[in-house]
Amino acid sequence: MKLVILGASGAGKSTQAERICQHLHIPLISTGAILREEIVNHSQLGCNTQSYLEAGDLAPDEIIIELIRQKLVQPNFQEGWVLEGYPRTAFQAEELDFLLDDCQQKLDWAIYLQVPEAVMVNRSLSRSLEDDQPEIVQRRIELFYDRTIPILEYYDRRRRLLTINGDLSPEGVLQQIVNALCISSK
């Protein structure tokens, strides 16, 4: 199963992506984790993207698409994966579709974790990530509403969108996702 997980900062994307991967025994592609690792390792990619992340902006599309391509061509990513952290705009969703076509793969579902804004802010601020400062969190939520909402329409038109109530316990959210995937796959 090939899945994209969507939601604003603090919606629980990382938590659920990891849980889905464990449940389905498929690998995770976390663009945020990859970028943070590159920054820590002081790689060229890390140096190129650090200023974007510190400002609460998105890393350039061409960098992210290349990161994803590098993962998709690996043998252990042929049967399934969960992509977390991308796409964040409708244009990126189209670019991802082109990349998947190029890699002879097809997205099964985009899972949208729907969470009230106040919950997203509280969850983000309670994490211990260096880039989760109040002004950056607020900027990410604004970017989400401006740029990401059209993705929902994009995937909905393609009958690939599953909307999940993300304002439950992590176990409850996972159960909703698993149930939706089982029902939708029939």
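Of note:
- A Gaussian network model of the chain, with springs between Cα atoms under 10 Å, assigns the largest mean-square fluctuation among Gln105, Gln74, Gln92 to Gln74.
- Of the trypsin sites (Lys or Arg not before Pro) in the stretch 62-150, those whose Cβ has at most 15 other Cβ within 10 Å and which sit in DSSP loop: Lys106, Arg127
- Furthest towards positive pole of dipole, Pro60, Ile111, Tyr154, structure part the stretch 2-184, Cβ charges: Ile111
- Structure-based [θ]222 nm, the chain - -39500 (n - 2.57) summed over DSSP H runs of at least 4, per residue, nearest 500: -16500 deg cm²/dmol
- Theoretical gain in end-to-end length, Ser169 to Asn122 [0.36 nm per residue, Cα-Cα removed]: 15.5 nm
- Range of Cα positions in the chain per principal axis (Å), largest first: 44, 37, 29
- Karplus-derived 3J(HN,Hα), 6.51/-1.76/1.60, for each residue of the stretch 173-179, Hz, glycine and proline x: 5, 4, 4, 4, 5, 4, 4
- Sparse-neighbourhood loop sites, GluC sites (Glu not before Pro) in the stretch 98-162 - DSSP loop, at most 13 other Cβ within 10 angstrom: Glu130
Read-outs: derived from the displayed coordinates by stated rules, not from any lab. Since the model is a prediction, treat every value here as computed from it, not as a measurement. For neighbour counting, all protein chains shown are included, and Cβ atoms are generated from backbone atoms with ideal geometry for every residue, glycine included.
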